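These notes are about the structure you will find just below.
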Amino acid sequence: MAFFKRELSPIERFESALRDKQAVRQKMAERLSTAETLLVEQRTAAERLAVAGASNAQLDRAEAKLRTVEERAKMLRAELVEFDEQIVSTERALADAKAQRDRDMAADEIEGLAAAIEQAAPGFGAGAAALVDAVTKSTASIPEATRFSASVDALRREVLAAADLICWELRSAAVRTRAGNANLVLAPPTPEHVPLPEIERQLVYTLNPLLWREGSEVRRVPAFAMVALPKMLLPVALRHQHVDYLNARRVQTLIHVHGSGGFDGDLPADAPQLVDLDALTAEEREKKESAQADVA
């Protein structure tokens with residue numbers, strides 16, 4: 001019967017190598033200690049002979065023995081210093097391997113989260129689609145039900161787009177985490193404002209600084225931010241390339257560059273290059289009415 005030995009992980013290999021080196025170092029330290037003791041004895045003996053007035057031949061032999069022991073101790077000290085450097089290098093490699101293991105575990109968890117969202121998203125989409133079908137396939141025509149169906153369908157598209165986006169962000173974060181150049185904690189993106197119930201909104205990503213009005217309130221938002229834009233302004237903003245949907249490819253790239261955080265607050269009134277969406281809408285309306293009048 002053939003037996004196969006399990007391949008050691010990098011951490012296990014470094015730990016084993018470190019244990020072996022530490023055992024070897026212990027033996028080297030013991031040899032050095034013995035040599036140092038012998039060196040002291042030889043120095044004492046040479047000193048005793050010199051003080052006692054020993055012959056030149058005796059002193060020559062004592063000095064020769066002393067030099068031999070000194071060279072031996074010097075060599076052992078140098079070897080021990082060099083071996084200590086090897087141990088430090090192995091300890092550093094072990095620490096790096098453990099850090100990589102921790103990064104890999106964190107990246108695996110992030111990728112698992114992305115996979116879980118991907119698996120759950122179709123179920124949400126199917127459930128929302130079933131609600132929409134329940135209304136659209138009914139022979140009864142109730143305005144409240146129709147509005148409910150439209151809201152659910154819009155929410156379904158928005159959530160599925162957001163799910164695609166967050167999965168892309170999570171996998172990008174996993175790659176950066178595995179490479180060791182990302183924080184392990186991901187801050188979830190926060191929409192620019194909680195949508196007001198009386199205003200239908202669409203979560204989009206701004207490409208330019210924007211301005212619009214909601215009643216008496218003037219809203220100002222910067223470029224490259226996730227905002228809930230009133231749907232009545234969405235067509236003109238899309239036509240003029242001032243916003244784009246969250247699942248657009250260029251938006252994913254811009255989020256990678258600028259981040260996906262929402263914008264909480266308003267820009268100052270004198271912020272440069274603000275695009276007035278209300279004015280843009282009014283201008284398009286005037287052009288359309290003028291064209292219709294010319295035709296008439």
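When Asp60 is tested against (1) more than 30 Å from Gln86 (Cα to Cα); (2) surrounded by 12 or more Cβ atoms within 10 Å (Cβ to Cβ), only condition (2) is not met. Residue count for region 117-136 under the criterion of being of a type in the set (Asp, Glu) and within 18 Å of Trp168 (Cα to Cα): the result is 1.
When residues in region 247-274 are screened for being under 11 Å from Thr206 (Cα atoms), outside any helix (DSSP H, G or I) and at pLDDT 70 or above, 0 of them pass.
Residues considered: Ala29, Ala17, Ala54, Ala46. Of these, the only one that is aliphatic (A, V, I, L, M), part of a helix (DSSP H, G or I) and farther than 30 Å from Ala99 by Cβ is Ala46. Return a yes/no flag: does region 91-109 have any residue that is more than 30 Å from Leu8 (Cβ to Cβ), of a type in the set (Asp, Glu) and modelled with pLDDT of 90 or more. No, region 91-109 has no match at all. Taking first residues from region 117-143 that are free of Cβ contacts under 8 Å to residues at least 24 places away in the same chain and surrounded by 11 or more Cβ atoms within 10 Å (Cβ to Cβ) and partners that are assigned to a helix (DSSP H, G or I) and among the polar types (S, T, N, Q), the Cβ contacts under 9 Å between residues at least 6 apart in sequence or on separate chains come to Leu131/Ser149; Asp133/Ser149; Ala134/Ser149; Val135/Thr146; Val135/Ser149; Thr136/Thr146; Thr136/Ser149.
Conditions (1) touching a residue at least 40 places away in the same chain (Cβ under 8 Å); (2) over 15 Å from Leu165 (Cβ atoms), marked per residue:
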position	(1), (2)
Leu203	yes, no
Pro209	yes, yes
Pro222	yes, yes
Pro235	no, yes
Leu238	no, yes
Asn247	yes, no
Gln252	yes, no
His258	no, no
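Pairing each residue of region 144-169 that is within 24 Å of Ala115 (Cα to Cα) with any residue that is acidic (Asp, Glu), provided the two are 6+ apart or on different chains, yields C-beta distances under 6 Å for Cys167/Glu118.
The values are calculated or read from the model by the stated rules, or taken from the named source; none is laboratory data. All of these numbers come straight from a predicted model, not from anything done at the bench. Quick reminder, even Gly has a Cβ in these numbers, built from the backbone with ideal geometry, and neighbours come from all protein chains shown.
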